[in-house]
Amino acid sequence: MSDHRNELLYDDPDLAQFYDAANRWDADFDYCASLAENAESVLDLGCGTGEFASALAGSAKIKRIVGVDPAAAMLDIARKRPGGDKVTWVQGDARSVRLGARFDLVVLTGHAFQVFLETGDQQAVLATIAAHLKQGGRFIFDSRNPASGIKENRTRHDAVRRFDHPRLGEVEAWNVSSYDPQTQILTYENGYRILRTGQDYSGSARIRYTSQEELADLIRSAGLVVERWLGDWQGNPYHSGAKEIIPLGRLA
């Protein structure tokens, strides 16, 4: 199996500091929050900086929230969030973590499923989901649909944007990528420049694109059943040209 834990982009505190400002709360969190309304326990696999899990901590109904991520730098941010003291944070690998508990809802958002680069990795993550679901519980995760187009071979010139960081001021960000169709793996680099100081930070990572047909087979093999295939986080049905592949399901 591949080892995604060494991806500098996820583990470097200097890069982790940009994550929240560059990735705002989005429709995926809204949709998952609606699923959590009837849950008493939630497991957030690949929780990153803990924005979603900490937000759920304000719910009186949810008695247990656990966030799991392999990156210590991300979890350091998560623990300091408002509500972070009400979440159990676990540094662990979604392929192998076993918490000895089952949950009403297991989520894996932010395309975190794509950091698992081999079929064996993906099978292991799905086994983790199955091992932590209660009977009647539900799981959901997202993966970009390769059939809708892959943003490959981008240069720094192609993808420059700016955003405001609450502590660092205006930041210029870019993304450089290349795709190998044989392995289905996209290698990319995210870079950031603090305009006030001119200081640059960058780190690379890899993600895998998997078809809906492949995902369906893997999910069945893990003892899971998909109730609905979504094509976006607005809840629209999946179709071949959809931007996202989002299975929502339960134990078989």
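The values are calculated or read from the model by the stated rules, or taken from the named source; none is laboratory data. In this text the structure is predicted, and so the values were computed from the model without any measurement. Reconstructed Cβ throughout: ideal geometry from the backbone, glycine too, with neighbour counts over all protein chains shown. The area values use the complete protein model at the heavy-atom level, side chains included, leaving out ligands, DNA and RNA. Shrake-Rupley method; radii C 1.70, N 1.55, O 1.52, S 1.80 Å.
A simple rule links phi to the HN-Hα coupling: the Karplus curve 6.51 cos²θ - 1.76 cosθ + 1.60 with θ = phi - 60°, which for the stretch 231-242 gives x, 6, 8, 8, x, 6, x, 5, 9, 4, x, 5 Hz, with x for Gly and Pro.
Between Leu195 and Ser221, full extension at 0.36 nm per residue minus the direct alpha carbon distance yields a gain of 4.4 nm. All distinct Cα pairs of the chain go into the 1/r average, and the inverse of that average, the Kirkwood radius, is 18.7 Å. Counting 0.36 nm for each residue step from Glu170 to Ala22 and taking away their Cα separation leaves a gain of 52.2 nm. In sequence order, the stretch 55-60 has phi-based couplings of 5, 5, 4, x, 7, 6 Hz under the Karplus curve 6.51 cos²θ - 1.76 cosθ + 1.60, θ = phi - 60°, and Gly or Pro positions carry x.
Can you tell me the accessible area per residue over the chain, all protein chains present, probe 1.4 angstrom, in square angstrom?
With the other protein chains kept in place, the chain gives 46 Å² per residue.
Peptide packing for 107-116, 43-52 was compared via the average number of neighbouring C-beta atoms within 10 Å per residue; ordered from the highest value, the list is 43-52, 107-116.
The share of accessible area on the chain that comes from carbon and sulfur is 46 percent, using a 1.4 angstrom probe. Computed from label points 7 Å out along Cα-Cβ, the spacing between Arg102 and Gln234 is 3.7 nm. Between the stretch 32-89 and the stretch 217-252, the C-alpha centres lie 23 angstrom from each other.
Do any of Lys63/Lys243; Lys61/Lys134; Lys134/Lys243; Lys80/Lys151 go past 25 Å between their Cα atoms, and which?
Numbers: Lys63/Lys243 34 Å; Lys61/Lys134 17 Å; Lys134/Lys243 30 Å; Lys80/Lys151 34 Å.
Pairs exceeding 25 Å: Lys63/Lys243; Lys134/Lys243; Lys80/Lys151.
Across every direction, the projection of the convex hull enclosing the Cα atoms of the stretch 105-188 has a mean area of 8.1 nm².
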